Amino acid sequence: MKLLKQALAVLGALVVLMAIVALVAPKRARAVVAALVQVTNTETNPVPTISTNAHNSFVAEGTCYFDGSNDCFMDPLYTVPAGDIAVLEYASAGCGVSTGTAPISAVLAFTNPDGSTVQVVIPTNPAVSVPQYEESAFTVGQSLKTYASGGAGGNPINVVINTNTIQPSGFASSCSFDISGHLAPQ
């Protein structure tokens, strides 16, 4: 017990001593820490920064109907604001179509920052039968890292989904398509 009291007394004295040193010499302590942590921004070793606009994330969702066609268009799904670049990070879709229908492709079309038109094909998964609704369903999904320009007046991001069969008119064949990413200044 006596040993425990002595150990606590020594520990208490050390804590008091450290508090006195921190109060008496805070500028010296800061100078030592600052000397140990030096961040320099040079061409060969730049300090990474991020634009505040890069935190402007977006999600765009649209629905299209085949209605007597084998193409489902979303024109536009999203319009990139003028002066911005949309960094597209993910695209996905879920579609309900007539029984026996198979997906062919899902395509995003937009303007690249260099001004060229780009078409990105998103892989489709095989259709599965949904007997209780007398239809088939398929999904589309892809992680991306591609860039769409807003240009001077805002540019659209369009989507077309194709199937192997013309969908009957009046049948509720449709797709719901999503893209997500963030905006950065152009």
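The values are calculated or read from the model by the stated rules, or taken from the named source; none is laboratory data. It should be emphasised that the depicted structure is a prediction, and the values quoted were computed from it without experimental measurement. Quick reminder, even Gly has a Cβ in these numbers, built from the backbone with ideal geometry, and neighbours come from all protein chains shown.
Values for this structure:
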read-out	value
Meets criteria (more than 18 Å from the chain's Cα centre (by Cα) and within 18 Å of residue 92 (Cα to Cα)) for residue 162	yes
Filter pass, residue 99 being surrounded by fewer than 16 Cβ atoms within 10 Å (Cβ to Cβ) and at pLDDT 95 or above	no
Test result for residue 88, farther than 21 Å from residue 63 by Cα, in contact (Cβ under 8 Å) with a residue 40 or more places away in the chain, in a strand (DSSP E or B) and touching a Phe, Trp or Tyr at 6+ places or on another chain (Cβ under 9 Å)	no
Options 168, 126, 113, 156: the member that is within 19 Å of the chain's Cα centre (by Cα), assigned to a loop (DSSP other than H, G, I, E, B) and not β-branched (Val, Ile, Thr)	113
Residue match in region 137-149 (condition: modelled with pLDDT of 95 or more and farther than 23 Å from residue 105 by Cα)	yes
Exclusive hit being of a type in the set (S, T, N, Q) and crowded, with 16+ Cβ neighbours inside 10 Å, set 117, 111	111
Pairs, first in contact (Cβ under 8 Å) with a residue 24 or more places away in the chain in region 140-162, second surrounded by 17 or more Cβ atoms within 10 Å (Cβ to Cβ) and not in a strand (DSSP E or B), C-beta under 9 Å, six or more apart	150/81; 154/81; 161/66
Some residue of region 161-169 being of a type in the set (Val, Ile, Thr) and in contact with a Cys (Cβ under 7 Å, 6 or more places away or on another chain)	yes
